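The values are calculated or read from the model by the stated rules, or taken from the named source; none is laboratory data. Fair warning: this is a prediction, and the values are worked out from it, not measured in the lab. Please note: Cβ atoms are built from the backbone with ideal geometry, for glycine as well, and neighbour counts cover all protein chains shown.
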Amino acid sequence: MPLISAALVVVSQGVTKISLGLLEILGPLGIGDHVDTTPGDPLVGQTWGMEFFCYHRDRTGSAARRDELREEHWSYMDRYAQEMIARGPTVADDGDTPTGSVHIVDLADPVSARTFAFDEPNYQAGVYRDVLLRRWRNLLGRTMWDFPGGPVSGNRYLVLGLGRGQAADLSAPPDADDLVAYGPLLSDDGVTWLGTAALVRAPDPATARSILTTDQYADIEVHSWYFGGRAS
């Protein structure tokens, strides 16, 4: 599956910034919609850190191959242990069948993010159907290992809001005790808001979904999610 990209080089105050535009890959459905900001948007003109949200979605019928590659996957992720903000699988309603794999990482640049996403053993072996890779902003300023609720208490969800129009939910909810990770999805230059990705503890999917301003999104996905990584 090709990655469509565009390079932007900006020289300002003696600093050269190279941004390689990574566009959302949606398998056979094609490229995702681009959402433009307007001059009044809060993100315009701001510079964000190089944090990335990566969501590999499983291909139907690939669970056995995923199991075979578990050690290779973990060994690959061991190389990014210092850069990892959050990680873990999404699962189907049965609570067991994997449907995808979430990784939020702090990397040097978009080229490094592309390497991370597409060199991963499961992706190379065809376990995944497609990949969502976007810049992201860590509004909580912590990793999942700092989550006060610990790794197992309560139900956990990935909440993925696909944005439209004006930027929304640019601040974390005031009560962050149930948030494992929270932040906006951004264009590669960190200016254009594209949505929101959050990992949240909630009693049910409807409550998890309610952390976002629902009418500001083209779609909101909610997936059951678990803390990932090697068993301790």
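Residue by residue through the range 173-190, note down the ones that are closer than 13 Å to Ser210 by Cα and among the hydrophobic types (A, V, I, L, M, F, W, C). Selection gives Leu179 alone.
Okay, residues lined up against (1) farther than 14 Å from Arg134 by Cβ; (2) modelled with pLDDT of 95 or more; (3) buried (at least 16 other Cβ atoms within 10 Å of the Cβ):
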{"site": "Val11", "(1), (2), (3)": "yes, no, no"}
{"site": "Val35", "(1), (2), (3)": "no, no, yes"}
{"site": "Cys54", "(1), (2), (3)": "no, yes, yes"}
{"site": "Ser62", "(1), (2), (3)": "yes, yes, yes"}
{"site": "Met84", "(1), (2), (3)": "yes, yes, yes"}
{"site": "Gly95", "(1), (2), (3)": "yes, no, no"}
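Contact map, the range 139-163: residues that are surrounded by fewer than 19 Cβ atoms within 10 Å (Cβ to Cβ) paired with residues that are aromatic (Phe, Trp, Tyr) and not in a strand (DSSP E or B), Cβ distance under 6 Å, separation 6+ or inter-chain. Pairs shown: Pro151/Phe227. Where strands (runs of 3 or more DSSP E) fall entirely within the range 127-232, those with at least 2 residues that are within 25 Å of Gln82 (Cβ to Cβ) and not charged (D, E, K, R) are at 128-136, 179-186, 193-201. Look at (1) assigned to a helix (DSSP H, G or I); (2) more than 15 Å from the chain's Cα centre (by Cα) and you find that Arg114 fails only one, number (2).
Quick one: Ser153 ticks every box in (1) under 26 Å from Arg70 (Cα atoms); (2) modelled with pLDDT under 95; (3) in contact with a strand residue (DSSP E or B) (Cβ under 6 Å, 6 or more places away or on another chain) bar one, so which box is it? Answer for Ser153: the failing condition is (3). The single residue among Pro121, Pro98, Pro110 that is under 20 Å from Pro151 (Cα atoms) and in contact (Cβ under 8 Å) with a residue 12 or more places away in the chain turns out to be Pro98.
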